[in-house]
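Student: Here's a structure for you.
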Amino acid sequence: MSSFDNPYAAPQPAPQFPQPSGYGATSTGHLGVGIQRDGVLLVIDRRSHQFAPICAKSGVPTHNTYKIEQVFLDDATRMTAFAVGGLIGAGLARLFYGDKVVVVLPVEPACAVKTPKSMVLPAVIFGIGLVALVIGGAIGLTLDREALMAILLISGLITLIGLLIGVENYFNPIPPFKIVRTSKTHIWIEGAHPQYLAQLPGMMPTNLIPQR
């Protein structure tokens, strides 16, 4: 018999629901020093920073890390090198004048996996190109040779584009974290959990100009 059936029964405690995994165990100021948030981005002070051993994805304690390595080139140098030497010049400038950025974040192994990109768009493009290739080829047989070649070329190009996008999506999944901006003093990273970011102080306005 439940307490609703028996008016003399002792009141039952309200059910307790567990906190989301990891979050709620930490508070503002305990995730490290030299780290802030800028909207949905994690901002790291390049001059001095230290992370607490808390996963930036799940919020649980961890001693595992995830390393990000990228090379950045300031806009002026990149544009000048490209104007002078094209892609080769830009590549050489990146090699000799690029700023190598290395960031090590506390991340659980289960959260350090890459996310596969969607194959829907390339499949649709590939399918459209394939259908156009078949139907266009059949219709083109009734036309002159130049028209047939134009139809096959256009539909074949659409099919190839869909195939290339699919291959790129398959072999280049989305990393768990990505450096999106950098300056001489700070690094902006996307991928941290919103609840992790919510526990960080907001970045104060500065005169920094992030470089792509």
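The values are calculated or read from the model by the stated rules, or taken from the named source; none is laboratory data. Keep in mind the model is a prediction, meaning the values are calculated, not measured. Every residue, glycine as well, gets a Cβ built from its backbone with ideal geometry; the counts of neighbours run over all protein chains shown.
Student: Condition test on residue 37, is it modelled with pLDDT of 55 or more, in a loop (DSSP other than H, G, I, E, B) and among the charged types (D, E, K, R)?
Tutor: no
Student: If I filter the range 111-121 for residues that are farther than 26 Å from residue 72 by Cα and modelled with pLDDT under 90, do I get at least one hit?
Tutor: Yes: one or more hits.
Student: Is it true that some residue in the range 58-71 is hydrophobic (A, V, I, L, M, F, W, C), under 24 Å from residue 173 (Cα atoms) and either surrounded by 11 or more Cβ atoms within 10 Å (Cβ to Cβ) or at pLDDT below 65 (or both)?
Tutor: yes
Student: A further question on this structure: Scan 138, 132 and give me the residue that is surrounded by 14 or more Cβ atoms within 10 Å (Cβ to Cβ), of a type in the set (Gly, Ala, Ser) and outside the structural domain of residue 44 (by the TED database).
Tutor: 132
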